[in-house]
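Q: Sharing a structure, written as structure tokens. Questions coming.
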Amino acid sequence: MDYYVRTEAGFDDDSEQEVSTISESGSCDSYSAAADPPPSSSSFADELGLMELLEGDKAHDLIFRNCKSGLGDQCQILSVLRNGFRTVGSRAKFKTFQIFQEAVHAKHAAGGDGGAKVKYGWCSVAKHELKTILEYGFSQPPSNDGSYGRGLYLSPDNSPLDCLKESAAESEDGMRFLLLCRVLLGKSEIVPQGSIQSCPSSPEFDSGVDDLASPKKYIVWSTHMNTHVLPEFLVCIKAPFNLTRSAKRLRSPWMAFPVLIKALSKFLSPSQILVIQKHYKDQQNRRISRSELIQRVRSITGDKLLVHIIKAFGHKVQR
């Protein structure tokens, strides 16, 4: 699948890596699910078994800044709450996630695939679904368009706007609810748009993504959504009914890589284009990383030419 090149940070790939809001150690042992948390002053939080986090708390401040950066001024972040895993059912879900994390790690570590890959992802939910999801899990995937098969779709934790745009306002004041979940991705496979897939295509895979290089959607199959997804935080947001793409995103031109190759063919020799195409194919087949691909293309073209092309052509290919 295509990935996108941007002009920001001098093509430094580190700026486009998924930066997790909370630690991505992959371990659920950072706090005890069995510990009895202090009571929350919020009746809403108490009802859901959640703890309201206040300004100054490390997790609160990280999530707040991440949401503010991704959503801009069009949204008001009302509260950040953490799952206290107080009930028997929620503690069982916590332990279940741990068990499957260990199983996925064992499966892939033996094959040299890096063990269990855990990320954070956003999932929009309706208010009336929250208590059931936190206590028992997902009875069915929250409403989505089904364009990537039957499963739970989550947005990477640095893209809350993509998730929020798929949610519906709960009331006239625009209240919405986003769960920030640990997502056990393991080894992901590409799921093309229009797929009717409902489970991994083979035991080799654990989850799906729309793009291996720069995913905008994590697809967790309905068969896995209560073992591979752990709701950990709830963010309550007030947002307008018609959300727009943030101005920050609009100022950052991008190009799909095949379009970039076509544009480069006007400036580079056929032999250089063949080398770039080979590098791109290697990256698509996961023989080299996305960072390695960008560095190799930069060494062939030079940054000046890349910046010129993306600024000249990037806005033309945005939808």
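Q: Within the set of pairs 6 or more residues apart or between chains, which connect a residue that is crowded, with 20+ Cβ neighbours inside 10 Å and at pLDDT 90 or above inside segment 115-144 to a residue that is basic (Lys, Arg) and part of a strand (DSSP E or B) with Cβ atoms less than 6 Å apart?
A: From residues that are crowded, with 20+ Cβ neighbours inside 10 Å and at pLDDT 90 or above, the pairs are VAL118/ARG182.
Q: Going by what's in this entry, would SER207 be described as at pLDDT 85 or above and open to solvent by 10 Å² or more (accessible area, probe 1.4 Å)?
A: Considered against the rule, which asks whether it is at pLDDT 85 or above and open to solvent by 10 Å² or more (accessible area, probe 1.4 Å), SER207 comes out as no.
Q: Here are the criteria: (1) in contact (Cβ under 8 Å) with a residue 24 or more places away in the chain; (2) farther than 22 Å from GLY174 by Cβ; (3) outside any helix (DSSP H, G or I). Tell me which single one GLY56 does not satisfy.
A: Condition (1) is where GLY56 drops out.
Q: Additional query: Yes or no: LEU230 at pLDDT 90 or above and in contact with a helix residue (DSSP H, G or I) (Cβ under 6 Å, 6 or more places away or on another chain)?
A: Judged against the criteria, LEU230 is a match.
Q: For segment 210-221, check the following and say yes or no: at least one residue is part of a loop (DSSP other than H, G, I, E, B), touching a residue at least 12 places away in the same chain (Cβ under 8 Å), over 12 Å from TYR153 (Cβ atoms) and over 17 Å from the mean Cα position of the chain (by Cα). It would help to see each step written out before you state the result.
A: First, pick out the residues of segment 210-221 that are part of a loop (DSSP other than H, G, I, E, B): 210-217.
Still in the list and also touching a residue at least 12 places away in the same chain (Cβ under 8 Å): 210-217.
Now restrict to residues that are over 12 Å from TYR153 (Cβ atoms): 211-214.
So of that shortlist, the ones also over 17 Å from the mean Cα position of the chain (by Cα) come out as none.
No, because not a single residue in segment 210-221 is part of a loop (DSSP other than H, G, I, E, B), touching a residue at least 12 places away in the same chain (Cβ under 8 Å), over 12 Å from TYR153 (Cβ atoms) and over 17 Å from the mean Cα position of the chain (by Cα).
Q: Could you check, for segment 167-182, whether at least one of its residues is buried (at least 18 other Cβ atoms within 10 Å of the Cβ) and at pLDDT below 75?
A: yes
Q: Would you mind stating whether ILE273 is more than 18 Å from the chain's Cα centre (by Cα), modelled with pLDDT of 90 or more and either open to solvent by 20 Å² or more (accessible area, probe 1.4 Å) or farther than 23 Å from SER124 by Cβ (or both)? Steps first, please.
A: Numbers: more than 18 Å from the chain's Cα centre (by Cα): yes; modelled with pLDDT of 90 or more: yes; either open to solvent by 20 Å² or more (accessible area, probe 1.4 Å) or farther than 23 Å from SER124 by Cβ (or both): yes.
Against the criterion (more than 18 Å from the chain's Cα centre (by Cα), modelled with pLDDT of 90 or more and either open to solvent by 20 Å² or more (accessible area, probe 1.4 Å) or farther than 23 Å from SER124 by Cβ (or both)), ILE273 qualifies.
Q: Just for segment 41-62: of the residues that are surrounded by 15 or more Cβ atoms within 10 Å (Cβ to Cβ) and of a type in the set (D, E, K, R), which one is nearest to SER79 (Cα to Cα)?
A: If we take residues in segment 41-62 being surrounded by 15 or more Cβ atoms within 10 Å (Cβ to Cβ) and of a type in the set (D, E, K, R), then GLU52 is nearest to SER79 (Cα to Cα).
Q: Could you check, for segment 148-162, whether at least one of its residues is open to solvent by 20 Å² or more (accessible area, probe 1.4 Å), assigned to a loop (DSSP other than H, G, I, E, B), of a type outside the set (S, T, N, Q) and touching an Asp or Glu at 6+ places or on another chain (Cβ under 9 Å)?
A: Checking segment 148-162: not a single residue is open to solvent by 20 Å² or more (accessible area, probe 1.4 Å), assigned to a loop (DSSP other than H, G, I, E, B), of a type outside the set (S, T, N, Q) and touching an Asp or Glu at 6+ places or on another chain (Cβ under 9 Å).
The values are calculated or read from the model by the stated rules, or taken from the named source; none is laboratory data. Just so we're clear, the structure is a prediction, and the values are computed from it rather than from any experiment. For neighbour counting, all protein chains shown are included, and Cβ atoms are generated from backbone atoms with ideal geometry for every residue, glycine included. All accessible areas refer to the heavy atoms of the entire protein, side chains included, with ligands and DNA or RNA removed. Shrake-Rupley method; radii C 1.70, N 1.55, O 1.52, S 1.80 Å.
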